[in-house]
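Just so you know, all these numbers are worked out from the coordinates, no wet-lab data involved. Predicted model only: the values in this text are computed from it and were never measured. Please note: Cβ atoms are built from the backbone with ideal geometry, for glycine as well, and neighbour counts cover all protein chains shown.
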């Protein structure tokens, strides 16, 4: 084993020692075994062969713009100073749940090694994902990351419930939105998010059963979105083209008024929303009304 323990009077955990040996066998270099300062868990600081480091299958997609900017910054500095975090689900494979854009930069620069903090417990991948803030998520990225995480957990820990992973998912509506974005990357998530945020709750069923229930919820939202599309098309035929139209129509058809003391269920909300959309009178919509509303509350961005 190449690297010494930071605390020579403390014995590294068995899992950390085994992982250090694996890293050496995989062609990496162990620089140090150490205990991180919060929970005193054993971790490894290492140089990993770049070809062995991959993004975790649960996180958001790369942003080419962000990778380009990071690459330019690293080239200008002429050094790489920010190690990534990785876990190893099996020998020869290292996933990064935090640092994928930095990993991509080293790919572009054809670096031989990736400086990494290697966490001994693979399950920590789901704990680290919410800390991945090197570039702020937009709504679509966050929702897709959550649904990918959900699918992975449904395979690995199918008997757990959504509530167990509430911290990792952050909000229940990200799960439903993730399914919607999987089916349509151009889905108007920003317009529907305010409604979903109010009525979508974590389910108490197991994750495996939860995927089916989430699919049914996504179908209800799609049905409302189809009705919304018809309304918007009729409004545009009247010559009213404004980026706020979808949000404007939803604000006037939502059954979730501020005066309500109790909220209807998810199913009731979207069934009623679709009914309201199908009965919406587009002849009363004026461009000035849409424009005025947009000034007060700008449309939510995806």
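Some values worked out for this structure:
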item	result
DSSP beta bridges in the chain [antiparallel fraction, %, rounded to 5]	70 percent
Distance between the stretch 266-296 and the stretch 190-254 - C-alpha centres, whole angstrom	12 Å
At 1.002 mPa s and 20 °C, Stokes diffusion of the chain via Kirkwood alpha-carbon radius, µm² per second	97 µm²/s
Nearest-ten-degree value, helix 266-278 long axis tilted from longest Cα axis of the chain	40 degrees
Angle in degrees between helix 189-199 and the longest Cα principal axis of the chain, rounded to the nearest 10	90 degrees
Degrees between helix 139-156 axis and first principal axis of the chain (Cα, 0 to 90, nearest 10)	60 degrees
Gyration tensor verdict on the stretch 1-130 (Cα atoms; rounded if a/c is under 1.5, prolate if a/b is larger than b/c, oblate otherwise)	prolate
Debye-sum result for the stretch 203-302 in log10 I(q)/I(0), which assumes one identical scatterer on each alpha carbon, at q = 0.22 Å⁻¹	-1.19
Approximate spin-label separation residue 151-residue 82, in nm, with each point projected 7 Å along Cα-to-Cβ	2.8 nm
Helical mean residue ellipticity (222 nm; -39500 (n - 2.57) per DSSP H run of 4+; nearest 500) of the chain	-15000 deg cm²/dmol
Directionally averaged shadow of the stretch 137-296, computed from the convex hull of its alpha-carbon atoms, nm²	9.9 nm²
Protection proxy ranking, peptides 209-216, 62-69, 273-280, average beta carbon neighbours within 10 Å, highest first	273-280, 209-216, 62-69
